[in-house]
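> One structure, as structure tokens, below. Some questions next.
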Amino acid sequence: MAEDHKKNGKVIVQAVHEAVKRYGTSKDELIPILNEVNRKVGYLPGEALEEISRQMKVPKSQLFSVATFYHMLSTKPRGRHVIQFCESAPCHVAGGREVWNALREELNIQNGETTPDGKWTLITTSCLGVCGVGPVIVIDNDVFGNVTPDQLREILARYK
Ligand code: FES
């Protein structure tokens, strides 16, 4: 257990080093840096925020505010796959509500939760910019448009 913690700490510090090396220490690069570390580590644990704070000379409280504001970032562990559901009006009127209800029923979780097996995290998001094909869900980086409740099971089955 202690070994695991040490190993994770190393992975986190390395992810921060690589992101800072790539983007530099300008405050304008905070979001890309947080995003990259979030992607590599899976989320933004306190250790990651501390290390970014140290390297970028930005207060940890400010990093925490940014990390909790953007839906693509998370300060809590997430599942192996993250489903973003667009809850903006154009998707909503195109049948989004039915898809949202079916998603929660299929996964048996609510917004912001992760399934007990650690496979799925479900979050809502505002417009993803592809309103013409609503309702829209994004799984990891894959965009699915014109989604109907009937398609959900088949779509989810594509992910291990
Ligand atoms: S409203 Fe859903 S993608 Fe724009």
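Derivation of every value follows stated rules applied to the coordinates shown; laboratory data play no part. Here the structure is a predicted model, which means the values were calculated and not measured. Cβ coordinates were reconstructed from backbone atoms using ideal geometry, including for glycine residues, and neighbour counts include every protein chain displayed.
> Tally up the residues in segment 130-141 that are assigned to a loop (DSSP other than H, G, I, E, B) and not small (Gly, Ala, Ser), please.
5
> A further question on this structure: Would you please name the residue that is nearest to the ligand (Cβ to nearest atom), looking only at residues in segment 73-93 that are more than 21 Å from Pro45 (Cβ to Cβ) and part of a loop (DSSP other than H, G, I, E, B)?
Checking each candidate, the answer is Ser88.
> Sticking with this one: Going through segment 50-72 one residue at a time, which ones are within 15 Å of Ser126 (Cβ to Cβ) and either in a loop (DSSP other than H, G, I, E, B) or touching a helix residue (DSSP H, G or I) at 6+ places or on another chain (Cβ under 8 Å) (or both)?
Tyr70, His71, Met72
> Of the residues in segment 19-49, how many are outside any helix (DSSP H, G or I) and touching a helix residue (DSSP H, G or I) at 6+ places or on another chain (Cβ under 8 Å)?
Within segment 19-49, residues that are outside any helix (DSSP H, G or I) and touching a helix residue (DSSP H, G or I) at 6+ places or on another chain (Cβ under 8 Å) number 3.
> When Gly132 is evaluated against the numbered criteria (1) surrounded by fewer than 17 Cβ atoms within 10 Å (Cβ to Cβ); (2) touching a His at 6+ places or on another chain (Cβ under 7 Å); (3) not charged (D, E, K, R), which criterion, by number, is the only one it fails?
Of (1) surrounded by fewer than 17 Cβ atoms within 10 Å (Cβ to Cβ); (2) touching a His at 6+ places or on another chain (Cβ under 7 Å); (3) not charged (D, E, K, R), only one is false for Gly132: (2).
> When segment 94-129 is examined, which residues are found to be assigned to a loop (DSSP other than H, G, I, E, B), surrounded by fewer than 15 Cβ atoms within 10 Å (Cβ to Cβ) and within 16 Å of the ligand (Cβ to nearest atom)?
Asn111, Ser126, Cys127, Gly129
> Considering every residue within segment 140-153, establish whether at least one is touching a residue at least 24 places away in the same chain (Cβ under 8 Å), out of contact with any helix residue (DSSP H, G or I) (no Cβ under 6 Å at 6 or more places or on another chain), within 16 Å of the ligand (Cβ to nearest atom) and under 29 Å from Lys21 (Cβ atoms).
no
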